[in-house]
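Q: Mind having a look at this structure? Questions to follow.
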Amino acid sequence: MRTAELRLERAPTLAVPLRFFLTAPLFAVAAGVVLTIGGGDVLETGWARLTLGATHLGTLGFLTMVMLGALYQMLPVVAGSPVPWPRVAAVVWALLVVTVVGLAWGMAFGHARPVFIAIATGTFGFALFLVPVGVALKRAPARSDTVRGMVVALGCFAFAAIAGLWMAHGHSGMRFPGPRALWLQVHLSLALFGWVGGLISAVSWQVLPMFYLSREVPHAARRSVAVLVALGAALAVGVLVLDLVGVLDSFGVRPTHVAALAIAPAALAVLVLHPLLTLWALRGRRRARVDSTLLFWEAGVGCGLIAAAAAIAAHLSSDPRVPVLFGWLVLWGWAGMIVHGMLSRIVPFLIWLHRFAPLVGEQRVPSIRTLLPDEWTRRGFRLHAASVVLGAAAILSGQGWLGHLAGALLAITGIDLTRSLWHAARQRPDAAASSDGSPASTRSSA
Amino acid sequence: MTRRVASDDEGSILDFRDLPAPEPLERILEACAGLGPGESLRARTPRFPSMLLPHLEKRGLRFEVAEEPDGSALVRVWRPA
């Protein structure tokens, strides 16, 4: 018998990833509330305080929260190496919550003390996450394309976090480490393309065939994505190092242009190459029936391609709306859609696997489709898609009321997702069900 | 929907290659519940059935898995006599 590809027996307890997954949508709600209140002001420029606060609610509170939970779940299963000291995950979660709240609040309202607290909790929290995960990866017997992609993504996360925490000093009454525009560009690039994009692509090599019976992307193509992400990230970090030692100015070009060129391989990989590979893989699916979570993947990678065009336009055009459009599309269109869809698929799957799979054949158990009705997922997709479209329209038209509306829809999307996930999480086997096949084999816990 | 694939030796093969995770696991475990001592079944799954094997072990079932060139797998499960 061949060695198993997935080592489910090494999976952590359900609570480990679940607390991350159930918390994340609340930060999408918070981001939507900020946008609802601020309206067009939040979507005029990436430098506005409310925009910075809302952005970090999305990138750290929603995306990173889900991604940390996903890594705790997937690393032991895919890499065959349990993450040591699993109880630390609860501490990491708590510190991340405090970090996001402190950072967003401090940035949005110009208060130094919450940011100062966030720097401390973020430093400890990220270290408490990275060290055990790093140990697990070092010990991992499996070196698949997914594992290699995770290594690259985690490296980018570490550098993005260091740059971000260092820059946060500038928001807490201390100094920025260097030219703000350059450090912001590199921090954003590493976080979005290296961390978020790197992990999305790595995870997709596993989940698309597993959940959607897609074609397997050829090994050479998968490896290319990881190599390009790693190359772009290394070059971007190199640009910061050159700036720190005072060499960058001697090139005679704008540092932000150098940084943009440096990260270009990674951006190309995650916003163009990976979306095209994903669409190709999904076109060759064995199964014709459409799972509504698939809509999120298709819309998400579609937004990635549009965002790539916006990124190019942002460097060629002086129109200040274009960089904001890029940021909106890449956060809530590309990454946000994909992560929303994955939550809707993964949470019911984990709950069914932990609570119901052991009982199959011994008592009647619900189908996984009943844990989270497909119509609920489809409704969540419509809400999310509408908020992305309205947000883009608000940016391009400059109409503030569209921004308020986009924010309201984003908040409602977060509330809807929270409700859906909690509905699935409350499903438990009926302890009173007998083995003679009595019906009503689920109940919702109080 | 379950297809039964005709085989060239005894018994038919349950075909779950068109089902996404975790449905193949669910269907196979349901089918295994009816196995008596010495009885066996065979099933095709879309990928190597990693999730299934620990559940079979916990139920005291024995199994063999053969990977096919197209990435699918043929699983044989039996209850010891």
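Q: Can you tell me the length gained on complete extension of the stretch A:ARG287 to A:LEU244, counting 0.36 nm per residue apart and subtracting the Cα distance?
A: Between A:ARG287 and A:LEU244, full extension yields an extra 10.2 nm.
Q: Now a separate question. Specify the residue with the greatest mean-square fluctuation among A:ARG419, A:ARG355, A:ARG345, computed from a Gaussian network of chain A linking alpha-carbon atoms under 10 Å apart.
A: With Cα springs under 10 Å in chain A, the top fluctuation among A:ARG419, A:ARG355, A:ARG345 is at A:ARG355.
Q: May I pose another question? Mind checking which of A:GLY134, A:GLY414, A:GLY40 has the largest fluctuation in a GNM of chain A, springs on alpha carbons under 10 Å?
A: Of A:GLY134, A:GLY414, A:GLY40, the most mobile in the Gaussian network model is A:GLY134.
Q: Now for a separate question. What's the magnitude of the charge dipole for the protein assembly as shown around its Cα centre, counting Lys and Arg as +1 and Asp and Glu as -1 at the beta-carbon? Answer in Debye, nearest 20.
A: It works out to roughly 480 debye.
Q: How would B:HIS55, A:HIS354 line up from fewest to most surrounding beta-carbon atoms within 10 angstrom?
A: Ranked by crowding around the Cβ, least crowded first: A:HIS354, B:HIS55.
Q: How many Cβ atoms of partner chains, on average, are near each residue of B:16-25 if near means within 10 Å of its Cβ?
A: If you average over the peptide's residues, the count of other-chain Cβ atoms is 6.
Q: Continuing with this model, one more query. Net charge near A:TRP352, counting Lys/Arg +1 and Asp/Glu -1 over other residues with Cβ under 12 Å of its Cβ?
A: Summing Lys and Arg as +1 and Asp and Glu as -1 gives +2.
Q: A:GLY380: net charge of surrounding residues, Cβ under 11 Å, Lys/Arg +1, Asp/Glu -1, itself excluded?
A: Overall, the nearby charge balance is +1.
Q: Where does the charge balance sit around A:GLN399 when Lys and Arg score +1, Asp and Glu -1, over other residues with C-beta under 15 Å from its C-beta?
A: Charge balance in the 15 Å sphere: -1.
Q: Rounded to the nearest 0.05, what FRET efficiency is calculated for A:ARG369 and A:SER224 with R0 set to 56 Å and r the Cβ-Cβ distance?
A: So the FRET efficiency works out to roughly 0.95.
Q: Provide the packing ranking of A:217-228, B:40-51, A:150-161, A:113-124, i.e. peptides ordered by the mean count of other C-beta atoms within 10 Å per residue, highest first.
A: A:150-161, B:40-51, A:113-124, A:217-228
Q: Next up: Averaged over peptide A:359-370, how many Cβ atoms belonging to another chain are found within 10 Å of each residue's Cβ?
A: Shielding by partners across A:359-370 averages 3.
Q: Calculate how large, on average over all directions, the projected area of the Cα convex hull of the protein assembly as shown is; give the answer in nm² to one decimal.
A: With the hull built on Cα positions only, its mean projection is 24.9 nm².
Q: Right, next: Between A:ARG175 and A:LEU279, take the C-beta separation as r, use R0 = 51 Å, and let me know the FRET efficiency to the nearest 0.05.
A: Plugging the Cβ-Cβ distance into 1/(1 + (r/R0)^6) gives 0.65.
Coordinate-derived values only; no laboratory data. Just so it is clear, the model here is predicted, and its values are computed rather than measured. Using ideal geometry, Cβ is built from the backbone for each residue, glycine included, and neighbour counts are taken over all protein chains shown.
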